[in-house]
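Quick notes on the structure that follows.
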């Protein structure tokens, strides 16, 4: 980069259906764990902000929830985050799984409405050989007026340097939007809760990922240790029994996994106190959703 090149800074929305690798991409590009990752649907429930500052400028990424039709107040909030991300962005990266169906008119209409330049990020190219990847690119080429089409593997790191270079080419000229040392806008309580919720998702099956959430009630630094108290919300007693497990076995495993993740984050010993709380219909309660996510 020439020394007299103008800095470029702006907002980049990461959008797509669930499980297409948006959060994996963000973490890989940031070279840090900004967003939790799980194979379970609807892992990302709020807009996660990652801030990458380089010699070229600053890209502020919005990792948005996976696009879906909302059936609960919680899902309506998630979709509002997606629309807000599209509205605020200077550039949109639309992610698809290379093995998934090619055309999605619902999403294409949202992208068209945004009137923003859109990249197509075809993720998980490590699933197919080069010939099949080229075929998939061709299938997508005429589906939408993409500014760029970039085949990537977020998990393996393929073409991440290329897509970063392209992002900075399309961002507007301007000074940094945030201090260079900032990497995210998440509060500590939210991030801690997400780290533990990731471990819940790793351990539960069936419908529980949709009906379970987590709220951090207290974080207290006690010098040599950090005390964290959190509630795992479920919607009924049967779900509570599943989360707790036989003789408390599952909640102990979740607690151990969560404690280890938090000790890595805090770089000191952590005492994690988990409680399972039945909150019927919490996904349709504006008050509960506000208490958890605000």
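Throughout, read-outs are computed from the coordinates displayed, never taken from laboratory work. None of these values were measured; they are calculated from a predicted model. No Cβ is skipped: glycine too gets one built from the backbone with ideal geometry, and neighbour counts run over all protein chains shown.
Shown for 109, 153: other C-beta atoms within 10 Å of each C-beta, ranked fewest to most, produce the order 109, 153. In segment 179-268, the C-alpha radius of gyration followed by the widest Cα-Cα span (Dmax) gives 14.3, 49 angstrom.
Compute the acute angle (0 to 90°) between the alpha-carbon long axis of helix 105-114 and the principal axis of greatest extent of the alpha-carbon atoms of the chain; round to the nearest 10°. Taking Cα atoms only, the helix is inclined about 70 degrees. Counting only alpha carbon atoms, the long axis of helix 130-141 and the longest principal axis of the chain meet at about 80°. Counting other Cβ atoms within 10 Å as a rough exposure proxy, the listed residues 106, 271 run 106, 271 from fewest neighbours to most.
Counting Cα-Cα pairs of segment 1-84 in 5 Å increments starting at 0 gives whole-percent bin shares of 3, 15, 24, 21, 15, 10, 6, 4, 2, 1, 0. Shown for 202, 273: other C-beta atoms within 10 Å of each C-beta, ranked fewest to most, produce the order 273, 202.
Mean residue ellipticity at 222 nm from the helices of the chain, using -39,500 (n - 2.57) per DSSP H segment of n ≥ 4 over the full residue count, to the nearest 500 deg cm²/dmol? For the chain, the value works out to -11500 deg cm²/dmol. Here the contact order of segment 8-170, divided by its residue count and restricted to Cα pairs under 8 Å and six or more residues apart, works out to 25 percent. In percent, rounded to a whole number, the relative contact order of segment 139-294 is 20, using alpha-carbon pairs under 8 Å and six or more apart.
Of (1) 33, 19, 18; (2) 34, 23, 18; (3) 45, 19, 16, which one was derived for semi-axes √(5λ) of the Cα gyration tensor in Å from the structure shown? Checking each listed value against the structure points to (2). In percent, rounded to a whole number, the relative contact order of the chain is 19, using alpha-carbon pairs under 8 Å and six or more apart. Taking the average, over residues, of other Cβ atoms within 10 Å as the packing measure, peptides 82-89, 7-14, 222-229 rank 7-14, 82-89, 222-229 from highest down. Which angle from 0 to 90°, rounded to the nearest 10, does the C-alpha axis of helix 188-203 make with the longest principal axis of the chain? With rounding to tens, the tilt is 80 degrees. Among DSSP bridges having both ends in the chain, what percentage is antiparallel? Round to the nearest 5. Here the share of antiparallel DSSP bridges comes out near 35 percent.
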